[in-house]
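See structure below.
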Amino acid sequence: MMLNLPNKVTIIEVGPRDGLQNEKLLVPTDIKKQFIARLKAAGLQEIELTSFVSPKWVPQMADAAEITAHCLDEKIRNIVLAPNRRGIERVYSTDCQAVAVFVGVSNSFNLKNINKTTRDSLTELKPIIRELKEKGYFVRACISTAFYCPYEGKISEKDTIELCREFIIAGVDELSVADTIGMATPNESFSLFSKLKAEFTETLLTAHFHDTRKLALANILAALQAGIDRFDTSAGGLGGCPFAPGAAGNAATEDVVYMLERMGITTGVNLDKLMSAIEVVIPHLSRKIETGYYRLYAQTV
């Protein structure tokens with residue numbers, strides 16, 4: 001039986017933002033700049049650079065303005081995250097033209113994360129999204145806890161799809177749908193993304209998997225079968241969520257690229273150069289890099 005596979009996949013590198021935000025050690029700003037520069041050199045065309053959030057709650061992102069000013073590149077899509085009006089106003093003071101906003105499907109997660117219900121968050125974001133689109137910004141909506149929530153358990157597909165629908169009506173360009181705590185299984189991945197792909201034919205759909213239970217690659221394969229050809233990944237498997245207990249790192253860029261390229265799917269990412277990017281940040285991390293591809297690489301250097 002032949003697998004239903006695309007010829008090409010787009011990797012959205014989230015390491016500098018989603019990957020580093022949960023690191024216990026503060027990574028120096030210059031190291032972040034080098035990390036981003038090498039990710040670009042590896043061929044990554046869409047990168048989450050940083051987030052304009054309160055340094056009180058996420059001190060790792062306190063240098064967001066400097067990172068944005070230094071790392072913007074007209075040749076790629078540079079994305080910054082801004083969770084609210086205050087963050088958006090800070091984005092307006094930069095030259096960045098791509099913004100990510102986020103809402104959790106789970107009310108409990110949303111309250112823990114930004115002290116607002118899902119409905120209140122959406123109500124606040126809708127006029128902001130319209131404003132961003134009027135100003136010519138690319139808008140990416142990150143849908144957290146799309147499968148499971150650490151506080152509420154399993155999330156219904158109906159609720160996830162309805163939240164996605166509201167964001168699309170509001171005018172977003174992309175939906176990044178996340179298995180925030182890494183509990184989804186391949187059949188759940190295939191089911192949800194098949195439904196999203198069938199309904200939202202004109203919107204960029206991106207799958208975002210965490211590897212908490214070592215199912216990220218299996219879930220990506222299932223999403224590929226559902227017609228998804230965009231995936232958020234993090235170099236070195238970095239990541240986690242400070243408001244999602246138990247969430248491990250993101251799907252590792254190197255593991256995903258290796259799998260896809262071996263399957264004959266083009267990613268445009270050079271693995272050797274990607275390893276060079278990871279090496280830059282490793283000395284400043286609080287934990288070891290233990291992804292499958294990196295372990296093999298480390299044995300040869």
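Values quoted throughout were computed directly from the atomic coordinates according to the rules given, and no laboratory measurement underlies them. Predicted model only: the values in this text are computed from it and were never measured. Ideal geometry is used to build each Cβ from the backbone, glycine not excepted, and the neighbour counts take in all protein chains shown.
Across the stretch 288-300, coupling constants 3J(HN,Hα) worked out from phi with the 6.51/-1.76/1.60 Karplus curve, θ = phi - 60°, read 7, 8, 10, 6, x, 5, 5, 4, 5, 4, 4, 6, 9 Hz, and Gly and Pro carry x.
Here the Karplus relation 6.51 cos²θ - 1.76 cosθ + 1.60, evaluated at θ = phi - 60°, turns the backbone of the stretch 65-77 into coupling constants of 5, 5, 4, 5, 4, 7, 9, 4, 8, 5, 7, 10, 8 Hz, with x for every Gly and Pro.
Run the helix sum for the chain: -39,500 (n - 2.57) per DSSP H stretch of 4+ residues, divided by residue count, reported at 222 nm to the nearest 500 deg cm²/dmol. It would help to have the intermediate numbers written out before the result.
Numbers: 11 runs with 120 residues, N = 301.
Only helices count here, giving -12000 deg cm²/dmol.
Please grab the % of Cα pairs in the stretch 185-301 that end up more than 18 Å from each other. The partial results should precede the final answer.
Working: 3629 of 6786 pairs.
Tail of the P(r) past 18 Å holds 53 percent of the pairs.
The amide H of Ile155, built 1.01 Å from its N in the peptide plane, has Tyr148, Cys149 as neighbours under 5 Å, considering only residues 5 or more places off or on other chains. Between Thr123 and Asp159, the FRET efficiency estimated from the beta carbon spacing at R0 = 22 angstrom works out to 0.85. Extension gain, Ala298 to Gln45: 0.36 nm times the residue separation minus the Cα-Cα distance gives 88.5 nm. Taken over the chain, the percentage of Cα pairs per 10 Å bin, counting from 0 up to the bin with the maximum distance, is 6, 30, 39, 21, 3, 0. Altogether, the Stokes-Einstein calculation at 25 °C and 0.890 mPa s, with the Kirkwood radius of the stretch 61-168 over Cα pairs as Rh, returns a diffusion coefficient of 166 µm²/s.
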